[in-house]
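Notes follow the structure.
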């Protein structure tokens, strides 16, 4: 659509700009400010340059949780994207069943994150939880509170439960936008289900899948509440992710300088990965056409 | 084929519902029963856990606090995002693309990064422990998303409608409210759904910015962990009650959700 050049449109954007600037720029500048100073109290602050950044980058705590974070986000994406597409393909397309499955699928998305943690805590505990009880009943030793592998698997399963619906609903709405004529043409050509999926459905889903991958990457990278409630980051540090390490640093130990430097690095990683993903996708797009 | 599909979707629905069912199951049991016996449904059905919540103001006020800031957040978000989305969908202006991208980067900021500065900022202007502080903090995430969604919906309305309205003598505010808003009502529904969703489920910022008067229900739930272990029954009941508002909201927007989840872009 061709738009009209009109700089007075800024007046319409101004409220958003002021509001977001108030709650984004001021805090962000505060963080930048802290990250280059050593603060003893209100009157004693020294400029230390990039020292905190150097410290933080060499800190094994950060390196470990960064590695865990990437593994976590990677495995979560690897499961949720294909599963979400599959669920979307299986969803009924019309009638009461369609509304019902929409509502059912959306339920996990609307549960407060700490309640999600609580639900899985209750569900997966070996003594009172259905899942833990059933797995132990089958003769497999399972306890997410003491075994690092079990804890890891439980946290990933929880995230799959929590967020696959988002991908499924995104894809579902993408699928609804494909005109019937496409399917009829495919029928005339006697295309197999796989061919229909590969040549008609998947290309049409690309737009929503980009949104889905981006949202899931960003949110899984910021995950805090659910593992905090479920495992408290343990056993040991096996499920301590970046946000939790950061919160411990900033509020638990009050290391404001390093925590601020850590924050900046954290934010930059999210921005960088999102930007890389976005440009790669749009570059691929250009090469094709 | 369609049989296979039905089995698949049923299996997935069970996977979604089972943990929720377990929570509901627990909420109707007494603590002795939860810890003593293992059963798939409550043997001695009890409302005692819900009674604890409905009779103790420090419990049920948590729900009012949460709902208050979520509603405030939705209202503020809509009020500022509507004109902005209109500007982005209809006009070119200096820095429009940069501004749009900058807005979206705020959606990418980890809340943990803003924890400390937010605390200091809202304390210094005297808004600490108020509903409006939490609502404003959540705007950081809800406003960019709202602008994005609304812009998609607005772009699908042909601009001839705007022009016809001006020729008919409508002023901008009158056109916007009387003609334009009804056209994108499903977009508004979806926007409210998303701002509700992200504000209702967020805990980290809400907990940090409140202490007593505006404490959200999600933070109050941590009280159930006492000296003699966790009060599983009350915890479950409180959890069940936090799910209900979400189900109500999704029920109201269920017909728009298919279009809305694609952010109006399909």
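Since every read-out is calculated from the coordinates, none of them should be taken as a lab result. Predicted model only: the values in this text are computed from it and were never measured. Glycine also receives a Cβ, built like all others from the backbone with ideal geometry; neighbour counts cover every protein chain displayed.
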With a 10 Å cut-off between alpha carbons and a GNM built on chain B, which of B:131, B:98, B:256 moves the most?
B:98
Need one value for B:12-25: mean number of C-beta atoms belonging to other chains within 10 Å of its residues' C-beta atoms.
6
Here the Cα Rg-to-2.2 N^0.38 Å ratio for region B:192-255 is 1.30
Can you list, largest first and rounded to whole Å, the semi-axes you get for region A:186-289 by taking the square root of 5 times each eigenvalue of its Cα gyration tensor?
41, 19, 8
Taking 35 Å as R0, compute the FRET efficiency from the Cβ-Cβ separation of residue B:123 and residue A:17 and round it to 0.05.
0.90
Across 5 Å bins from 0, what is the distribution of all Cα-Cα pair distances for region A:86-137, in whole percents?
5, 17, 16, 14, 14, 18, 11, 4, 1
Full-stretch length increase - residue B:51, residue B:178 - with 0.36 nm per residue and alpha-carbon distance subtracted
41.1 nm
Give me the three principal axis extents of region A:1-116 from the C-alpha atoms, as integers in angstrom, largest value leading.
67, 50, 31
Expressed in angstrom and ordered largest first, the alpha-carbon extents of the protein assembly as shown along the principal axes are 74, 72, 50
Taking each pair of different alpha-carbon atoms in region B:55-261 once, compute 1/r for the pair, average those values, and report the inverse of that mean as the Kirkwood hydrodynamic radius in Å to one decimal.
18.9 Å
Given Cα pairs under 8 Å that are at least 6 residues apart, what percent is the relative contact order of chain B?
32 percent
Hull shadow area, averaged, chain A [alpha-carbon convex hull, nm²]
22.8 nm²
Kirkwood Rh over alpha-carbon pairs of region B:1-46, then Stokes-Einstein at 37 °C and 0.692 mPa s: what D in µm² s⁻¹, rounded to an integer?
269 µm²/s
Given points 7 Å out from each Cα along the Cα-Cβ axis, report the residue A:147 to residue B:75 separation in nanometres with one decimal.
5.2 nm
Estimated Rh, region A:147-208: Kirkwood, alpha-carbon pairs, angstrom:
13.9 Å
Residue among A:126, A:86, A:195 with the largest mean-square fluctuation in a Gaussian network model of chain A, springs linking Cα atoms under 10 Å:
A:195
If each DSSP helix of 4+ residues adds -39,500 (n - 2.57) and the sum is divided by the residues in the protein assembly as shown, what number results at 222 nm, nearest 500 deg cm²/dmol?
-23500 deg cm²/dmol
Give the average, rounded to an integer, of partner chain Cβ atoms located within 10 angstrom of each Cβ in B:118-126.
2
Kindly provide the pair-distance distribution of region B:1-101 built from C-alpha pairs, with 5 Å bins from 0 and whole-percent values in order of increasing distance.
2, 9, 10, 9, 9, 10, 10, 10, 11, 8, 6, 4, 2, 0
Please label the shape of region B:139-193 as rounded, prolate or oblate, based on the square roots a ≥ b ≥ c of the eigenvalues of the alpha-carbon gyration tensor (a/c under 1.5 means rounded; beyond that, a/b larger than b/c means prolate, else oblate).
prolate
Angle, helix B:131-155 long axis vs. longest principal axis of chain B, Cα atoms, 0 to 90°, nearest 10?
50 degrees
Sorted by packing (mean other beta-carbon atoms within 10 Å per residue), highest first, where do B:170-177, A:214-221 land?
A:214-221, B:170-177
Once you have a ≥ b ≥ c as the square roots of the Cα gyration tensor eigenvalues for region A:57-104, tell me rounded if a/c is under 1.5, and otherwise prolate or oblate according to whether a/b is larger than b/c.
prolate
Expressed as a whole number, the average count of other chain Cβ atoms within 10 Å around the Cβ atoms of A:93-106 is 4
Can you give me the C-alpha center-to-center distance between region B:23-88 and region A:73-145, rounded to a whole angstrom?
19 Å
When the gyration tensor of region A:176-238 is built from Cα positions, what are the square roots of 5 times its three eigenvalues, in whole Å, from largest to smallest?
42, 13, 8
Mind ordering B:146-157, B:116-127 by average Cβ neighbours within 10 Å, highest first?
B:146-157, B:116-127
At 10 °C and a viscosity of 1.306 mPa s, what translational diffusion coefficient does Stokes-Einstein give for region B:97-188, taking Rh as the Kirkwood radius over Cα pairs? Give it in µm²/s as a whole number.
100 µm²/s
Report the gain in length on full extension from residue A:32 to residue A:6: 0.36 nm times residue separation, minus Cα-Cα distance, nm rounded to one decimal.
5.9 nm
